[in-house]
Amino acid sequence: MMSAVDDKPTPSREGASSAFTLGPLVAGPPCCTPQTHISIKSVTLSYGRIPAIRDVSLDIYKGCITALIGPSGCGKTSLLSCLNRLTDLIPGCHVEGRIAIDGQDITTPDLDVQRLRRRVGMIFQKPSPFPLSIWRNLEMPLREHGVTRRDELEFRIEKALADVGLWAEVKDRLGSAALTLSGGQQQRLCIARALTLEPSTLLMDEPCSALDPLSSAVVEDLIQSLKGQYTVVIVTHNLAQARRIANYAAFFWVKERAGTLVEFDQCRTLFDQPRHELTAAYVKGLQG
Amino acid sequence: MSRTARDTCLLLGLSVAAIVASGILLLIILFLSTEAWPVFSQVGLLKFAFDEAWYPTEGAFDLKPMLVASFAMSMLSIMLAAPLGIASAVFCRFYAPPVVRRAYQWIIILLAGIPSVVLGLWGLTVIVPLILMLAPPGASLLAGSLVLALMIVPTVALTTQAALASIPQFYWVGAAALGLSREGTLLGVALPAVRSSIFAGIMLAMARALGETMAVLMVSGNVVQLPTSLFDPVRTLTANIALEMAYATGDHRSALFVSGLALTVLVFILAWVARRSGGQVVHA
Ligand SMILES: Nc1ncnc2c1ncn2[C@@H]1O[C@H](COP(=O)(O)OP(=O)(O)OP(=O)(O)O)[C@@H](O)[C@H]1O
Ligand SMILES: [Mg+2]
């Protein structure tokens, strides 16, 4: 399972266009020397008394894009919401095991979840800007987190909008309602909103699947450009997309009515030389 | 019956119902207008605003004191009721433990159902004496506003509750994922998202306050005068109609219809504003 650490690819073998080189926003360590950012150890999550994921252990590497793939209902969304403790919102949801981000255990009850969620942003399938103006959408969370100086607000908002490629499109209409933007623009606004809080990690739950192909491609490029600077965990049903953008991939499957991790590897390896039959069938079945 | 015949019947029935309902409304307005017309054509519109006093039997038709009283009373009551109603709805939805929430819900619904004459009785025996201790005569603009406020709190509270309940789940989850606190979510997302519905509720409550007659008549003193303080007794347009209709004749009677028409128009305007703003509710 930890094979990513064992057999490091040599960049020359992978070629210059390999998914393991960094995008333009180089800031973190290169992905070929993986450095654990989020460590998930024996995590079991249950709704009520019914386990939804069982005994999942996985390391997520800093500055890389990790794709979670698998059939519907195998617990990808559930695993994602453990990482920013969104599971707290679901009555009866119970998480066992240990999850550490930057070495800090985030499963303890006395954790400051607001701070955690500021460090670990989340993007949902349905673009969810609030019914406020574009500007207020970005300003309000910042103010909530104690950023109140006008120049700092402006700086962060402009930077985030520029990072998601939205600045040129909206700079003249920051006061208009965010819901008047197109679906793709709304999704990029949501990403910008998460970026204003300067997170280290972004969790994305099928961020492109509610978008038309063109917007989807734009958002995909954007996610790719986040590589290096942010640790990205992305759930996607689009295997071609996972293959295009992810450095690592984790394949989940439902066993005994609970999701389990079947295989975790570098994305290329998982797609081209899967070690597990289930993975091979899934990857081939959905690709063919 | 064939499918199209059934459709036609249904369409016919619904159209008749719609026409009857709107027809009755038109008839009422027409009736008000014809009854108001004699005095309108004789004394003119300006007289109602700029005459020296209200002596309708002697041809002086100044409605200003009553207009001001009606307006001031409904404004005051909404200023009291809106914060109370909104706060109680928010409390119910976000802070109250389930038991309290259910109890509170019942109280609000019961309060909405109390007949206004009963509220008037209560105002007369509780509020008026209390105000009398502060400043005589007790029956006053303030007493009327307080009783009215109590009457319209449920309207504001129930519309706010419905609006908050209509906020889609993903706003709450999205706000939580951004690390917003409960207060931050409430003030930054939830209330702004439903502000137009809340505003619509306030407009409806205000329309109700403007039109209320019995309770106001019982507690506000009914002196025709421009109020200079909260403790002055005042007479609202509605109370004026109720008090004088029994004996009014000729131009006097006609003048009362003018005030009725004015009230109706005001309430229509409020309802229209409420509809306009309520239409903008965001359910993405
Ligand atoms: N709030 C909840 N309460 C109870 N059970 C839930 C809840 N959310 C998810 N589940 C169950 O947990 C299991 C995993 O769900 P989850 O949404 O994590 O799957 P997923 O991999 O994200 O699926 P999809 O690809 O369709 O989004 C499912 O069997 C689902 O029915
Ligand atoms: Mg899911």
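The values are calculated or read from the model by the stated rules, or taken from the named source; none is laboratory data. Being a predicted model, the structure only gives us computed values, none of them experimental. Note that each Cβ is placed from the backbone with ideal geometry, even for glycine, and that neighbours are counted across all protein chains shown. Side chains included, ligands, DNA and RNA excluded: accessible areas come from the protein's heavy atoms. Shrake-Rupley method; radii C 1.70, N 1.55, O 1.52, S 1.80 Å.
Annotation for A:Glu256 and A:Gln35: the two label points, set 7 Å from Cα along the Cα-Cβ direction, are 3.8 nm apart.
Straight-distance candidates among the lysines for linking to A:Lys171, with alpha-carbon spacing under 22 Å and chain neighbours fewer than 8 residues away dropped: A:Lys159. Where in region A:132-156 does accessible area fall by at least 30 Å² between the isolated chain and the complete protein assembly, at a 1.4 Å probe radius? Buried-area filter returns A:Leu132, A:Met140, A:Glu144. Computing Rg and the Kirkwood Rh from the Cα coordinates of region A:169-288 gives a ratio, Rg/Rh, of 1.04. Spatially, region B:215-279 and region A:147-188 are offset by 50 Å when compared through their Cα centroids. Heavy-atom accessible area, probed at 1.4 angstrom with all protein chains present, ranks A:His237, B:His252 as A:His237, B:His252, highest first. Could you calculate, for the protein assembly as shown, the ratio of the Cα radius of gyration to the Kirkwood radius, expressed as Rg to Rh? Here Rg/Rh amounts to 1.15. Put a plus charge on the Cβ of each Lys and Arg, a minus charge on the Cβ of each Asp and Glu, and nothing anywhere else: the dipole of the protein assembly as shown about its Cα centre is then about 860 debye. May I ask you to derive the FRET efficiency for B:Gln42 and B:Ser22 from their Cβ-Cβ distance with R0 = 45 Å, giving the value to the nearest 0.05? Using R0 = 45 Å, I get an efficiency of 0.90. Just so you know, the Cα atoms of region B:3-44 work out to an Rg and Dmax of 18.0, 59 Å.
Ranking of B:Val90, B:Val267 by solvent-accessible surface, largest first: B:Val267, B:Val90 (1.4 Å probe, protein heavy atoms only, all chains present). In the frame of its principal axes, region B:49-276 has Cα extents of 71, 39, 29 Å, reported largest first.
Judged by the ratio a/c of the largest to the smallest principal axis of the C-alpha gyration tensor, region A:111-186 counts as oblate, that ratio being 1.5 or greater while a/b is no larger than b/c. Each label point was placed 7 Å from the Cα along the Cα-to-Cβ direction; for A:Ile50 and B:Val99 their separation is 3.2 nm.
Please report, as a whole percent, how much of the solvent-accessible surface of region B:49-276 comes from carbon and sulfur atoms (probe radius 1.4 Å). The computed percentage sits at 73. Accessible area per residue (1.4 Å probe, heavy atoms of protein chains only) ranks B:Phe94, A:Phe264, B:Phe170, B:Phe268 as B:Phe268, B:Phe170, B:Phe94, A:Phe264, with the largest value leading. Axis angle, to the nearest 10 degrees, between helix A:150-163 and the longest C-alpha principal axis of chain A: 50 degrees. Once divided by 2.2 N^0.38 Å, the Cα radius of gyration of region B:180-284 becomes 1.50. With all protein chains in place and a 1.4 Å probe, the accessible surface of chain A carries 52 percent carbon and sulfur. Taking R0 as 45 Å, what's the FRET efficiency between B:Lys64 and B:Arg182 from their Cβ-Cβ distance, rounded to 0.05? The pair B:Lys64/B:Arg182 has a calculated efficiency of 0.40.
Taken one residue at a time, the phi angles of region A:213-224 give Karplus couplings (6.51, -1.76, 1.60, θ = phi - 60°) of x, 5, 4, 4, 5, 4, 5, 4, 4, 4, 4, 4 Hz. Gly and Pro are set to x. Hydrodynamic estimate: the Kirkwood radius of region A:129-236 over Cα pairs, inserted into Stokes-Einstein at 37 °C and 0.692 mPa s, corresponds to D of 234 µm²/s.
Applying 1/(1 + (r/R0)^6) with R0 = 35 Å to the Cβ-Cβ distance of B:Ala271 and B:Phe91 gives a FRET efficiency near 0.80.
In chain B, the longest principal axis of the Cα atoms and the axis of helix B:98-113 are about 20 degrees apart. Helix A:134-144 and the longest principal axis of the C-alpha atoms of chain A enclose an angle of approximately 80°.
A 1.4 Å probe run over chain A, with the rest of the protein chains in place, finds 42 Å² accessible per residue.
Summed over qualifying helices (DSSP H, 4 residues or more, each -39500 (n - 2.57)) and divided by its residue number, chain B shows a 222 nm mean residue ellipticity of -23500 deg cm²/dmol.
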